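In what follows, a structure is listed as structure tokens, so that the remarks can point back to it.
The values are calculated or read from the model by the stated rules, or taken from the named source; none is laboratory data. Quick caveat, the model's predicted, so the values are computed rather than measured. Cβ placement follows ideal geometry from the backbone for every residue including glycine, while neighbour counts extend to all protein chains displayed.
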Amino acid sequence: MKNKNLISVIIAGVVLAAPSAFAQYMTDAPAEVQEAEKPVVLTLEQALEIALSENVSVKVADMEIKRTEYAKKGSYASLFPQIDASGSYQRTIKKQVMYMDFDMSSLGGLGGGEGTGEIPGEGTPGEGTPGEGTEGGITIPDTGADAGASDNGGGLEVGRWNTWSAGVSASMPLVNAQLWKSLKLSGLDVELAVEKARSSRLDMVTQVKNSYYSILLAKEAFEVYKQVYENAVQNLEDTQMKYNAQKASQVELLSAKTSVANAIPNVYNAESSVILALWQFKAVLGVDLDMNVDVAGSLADYAEHMFYDIHQHDSISLDRNSTMKQLAIQAEMLAETIKLQKYANLPSLAVAFNFSINAMTNDFNFKEYRWTPYSFVGLSLNIPIFAGGKRYNQIRQAKNQYEQVNLQTIDAERQLKIAIRQNLATMETNMKSYYAANEAVATAQKAYDIAQASYQVGRSKLVELNDAQLQLTQSQLAASQAIHSFLTAKTQLEQTLGQDFVE
């Protein structure tokens, strides 16, 4: 038993000595070390400004706005002429064969010489099947004694071995109602992306505020448990002196040591909660997790505004709620989609232009090529007549989606109004709880001071002092928790109402 008592005293001494030793170290440490250990203290407004520029979700939302803007510009490009250049080369492996219903031998008198099987004109004899002539792109089989052995069966091979072509084509819609309607849908798509980005900012502001308030609550709890520990240590010293003077029993001494031992884990847990809350706060801000950051102020700074905050939301309006705005934009987009599908039944008119040059040769002597130009300009009219009910069903599908969004809008409005009333009720409840807890803190503090003074002069027992300490701790934590719950509900209400950061 004596060993256990000795261990408890040693633990209490170490815990008491650690803060003083650290303070002495910081006093004697160089100025550079003290400056490095000094945290960057941020107010709530500064934290929100940092998060608006560094938070990942905000950056992604801004990039999504740019993406939809690029898509909108791409859709407007459909109104301008589409110009394309093309080029191709083809090598004939087997020429096409053409058959005619007359005697091929009659072609021999056209000037090529009897038995030659050649049509006069430009050409290069000798390429192709032996015994054949090639003139003007037509290969005539030999009409001599071996004509029956030809693979062409008496037909004419048409074309040349190399075909080259190049050209430019252009087209532009003149009348296309469906295309014009799609341009308006692209604009609404950009508007929807902007509203989604605003929603991301509102959500980020809510996360930053909640994280900020959680740090303040954790720090308040740490101070409360630290005060409990210091009181327990002071009571242990008083009890030890009484015990040495034989004015306190061993039971009271053991009870005082137990109170100190029980207070130590609470201090460590509260300190760990502060550290974890700061890590989460830095993650929400988007800054380096190793950065030494702290928050300014305390929960008591927000307590004096609680009465004003709860009455400035007397009028409930969802005009600026992001969810309702997104549903309204989606409903408008679907209404335009219905018109878009209907416009698919209207005729469309487009203009087209084409210019190309072609060359057909049997060799690769580019200087001797003869290029043949070909060009045209024309109008193209497209009149939809029948598509198996495809367009009709697409219209019905768009109308179905439009009705779904309308139902979702009604349900979302109902749920949001319920959430607003819940937040207002939570704010009012915690405001009343805070005032009650604040009075309890004052009463419990007075009761503890009286109990401590009575215990020091021996007029009360340690049990009474511990009971007073417990009541004081509970009332202090209840007051801090009431402020934190009020601020959390207020933050959620501001997000629901769509209040921006500047407000």
Item to complete: Give the residue that is farthest from Ala296 (Cα to Cα), with candidates limited to residues of the range 237-263 that are among the aliphatic types (A, V, I, L, M), buried (at least 19 other Cβ atoms within 10 Å of the Cβ) and modelled with pLDDT of 90 or more.
Response: Val260
Discussion item. Kindly evaluate Ser200 against the criterion of being within 16 Å of the chain's Cα centre (by Cα) and either at pLDDT below 90 or crowded, with 16+ Cβ neighbours inside 10 Å (or both).
Written reply: yes
Worksheet item: From the set of residues in the range 364-393 that are loosely packed, with under 11 Cβ neighbours inside 10 Å and of a type in the set (A, V, I, L, M), which is nearest to Phe353 (Cα to Cα)?
Response: Val377
Response to the item:
Of the residues in the range 467-503, those that are crowded, with 20+ Cβ neighbours inside 10 Å and farther than 30 Å from Lys417 by Cβ come to Ala468, Gln469, Leu472, Thr473, Ser475, Gln476, Ala479, Ser480
Worksheet item: Which of the residues spanning the range 298-316 are out of contact with any Phe, Trp or Tyr (no Cβ under 8 Å at 6 or more places or on another chain), at pLDDT 80 or above and aliphatic (A, V, I, L, M)?
Response: Ala300
Worksheet item: Pairs, please: C-beta under 8 Å, at least 6 apart or cross-chain, first residue modelled with pLDDT of 90 or more and in the range 317-337, second part of a loop (DSSP other than H, G, I, E, B)?
Response: Asn321/Gly498; Ser322/Gly498; Met324/Leu318; Lys325/Gly498
Practice prompt. Return a yes/no flag: does the range 88-108 have any residue that is among the basic types (Lys, Arg) and at pLDDT below 85.
Written response: no
Worksheet entry | Answer from Val224, Val233, Val267, Val295 - the residue that is modelled with pLDDT of 90 or more and farther than 24 Å from Leu470 by Cα | Val295
Item to complete: Please tell me if Leu289 is surrounded by 17 or more Cβ atoms within 10 Å (Cβ to Cβ), touching a helix residue (DSSP H, G or I) at 6+ places or on another chain (Cβ under 7 Å) and over 30 Å from Gly378 (Cβ atoms).
Response: no
Fill in: Residues of the range 395-443 classified as acidic (Asp, Glu) and over 27 Å from the mean Cα position of the chain (by Cα), total
3
Practice prompt. Determine which single condition Gly117 fails, assuming it passes every other condition in (1) surrounded by 13 or more Cβ atoms within 10 Å (Cβ to Cβ); (2) modelled with pLDDT of 80 or more.
Written response: (2)
Worksheet entry | Candidates Glu252, Glu237, Glu223, filtered to the one that is of a type in the set (Asp, Glu), in contact with a helix residue (DSSP H, G or I) (Cβ under 7 Å, 6 or more places away or on another chain) and in a helix (DSSP H, G or I) | Glu252
Worksheet item: What pairs come up if the first residue lies in the range 449-463 and is part of a loop (DSSP other than H, G, I, E, B), the second is aromatic (Phe, Trp, Tyr), and their beta carbons are under 8 Å apart, counting only those six or more places apart or on different chains?
Response: Lys461/Tyr455
